[in-house]
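Student: Questions regarding the structure given below will be posed in turn.
The values are calculated or read from the model by the stated rules, or taken from the named source; none is laboratory data. Here the structure is a predicted model, which is why all the values come from computation and not from measurement. Cβ sites come from the backbone with ideal geometry, for glycine too, and all protein chains shown count toward neighbours. When the accessible area is computed, the model is the full protein with side chains, heavy atoms only, and any ligands, DNA or RNA have been set aside. Shrake-Rupley method; radii C 1.70, N 1.55, O 1.52, S 1.80 Å.
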Amino acid sequence: MDKKSPIHITISKRDDSVTITQWVYKTLRNAVMYGEILPGRALTIRELAGILDVSPMPVREALRQLAAENALDIQGNRRVMVPKMTAMKFNELCEARIAIESHAAARALPYIDSAQLQQLRSLDKLIDKAQEDNDLAQISILNQNFHRALYTANPHQVTLPLIESLWLQLGPFMRLATSQLEEHYLVDRHNEAMTAIEKKDAFALQIAIAADIREGIAFAGTPEMLHAFIENAGA
């Protein structure tokens, strides 16, 4: 990508109960997770402060937190970039997603009532609409909202921070992958997941979630394809 291309960060209104540093951290965290900060795009603290209309100090603190989460890399010249990705690391992150998220889905199943199932259906319809409109930003956001709503149906779940950590590290690359979904994602696995929920079939639900994640990265189905994707993403 063009290393000087414009960057568009979704900025939400700050609640008075949230400090500026907390708001900056959440805003930048979401920007990484939703793929708004793409691989290869170098940023500076000054540029980010200008985009968010804040002083450099809260940006610097937020970046420290994100660097500790392996979401961003603060370089010696004070530039900020998405950390370099390797094919092996990409595969490890995706396999971790499949293991943890299929587990989280099965554990949530007993707690999903009709209202929560309807929420999932509504989110899936919004995803379909975003796909029709080729709105890559909304596809990424809504897909995460669908998975988050499913897993958090379990009031005792403890895996969401782990799951979001994986989303955070994959986010910049998954936005690029979203543009190739039509070619590889041929079966609506969300529908399969919701059918499994209706039938209270935990095994089928796990299979649907695993397939949803795996087919979402089918664009990198071979080591050669994955290597080419990683190279192009960081170009």
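Student: Roughly what angle does helix 202-216 make with the longest principal axis of the chain, taking Cα atoms, 0 to 90 degrees, to the nearest 10?
Tutor: 40
Student: Next question. Heads up, I need the accessible area for Ile45: 1.4 angstrom probe, whole protein in place, Å², nearest 10.
Tutor: For Ile45, solvent-accessible area is about 30 Å².
Student: I'd like the projected area of the chain, averaged over all directions, using the convex hull of its alpha carbons. Report it in nm² with one decimal.
Tutor: Values: hull surface 52.9 nm².
So the Cα hull casts an average projection of 13.2 nm².
Student: Let me ask another. Can you give the Rg and Dmax of the stretch 23-117 based on its C-alpha atoms, in angstrom?
Tutor: Radius of gyration, then largest Cα-Cα span, for the stretch 23-117: 17.1, 53 Å.
Student: By how many degrees, 0 to 90 and rounded to 10, does the Cα axis of helix 56-68 deviate from the longest principal axis of the chain?
Tutor: Rounded to the nearest ten degrees, it is 50.
Student: Say a site is exposed when it is one of the trypsin sites (Lys or Arg not before Pro), sits in a DSSP loop, and has at most 14 other Cβ atoms within 10 Å; what is then the longest site-free stretch of the chain?
Tutor: Counting at most 14 other Cβ atoms within 10 Å as exposed, the longest clean stretch of the chain is 85-199.
Student: Could you do me a favour and compute the accessible area per residue for the chain, 1.4 Å probe, result in Å²? Intermediate results must be reported in sequence, preceding the final value.
Tutor: Values: 12350 Å² over 235 residues.
Result: 53 Å² of accessible area for each residue.
Student: Considering only protein heavy atoms and a probe of 1.4 Å, how much of the accessible area of the chain is carbon and sulfur, as a whole percent? Spell out each step's value before the answer.
Tutor: Values: 6570 of 12350 Å².
Ligands and nucleic acids excluded, carbon and sulfur give 53 percent.
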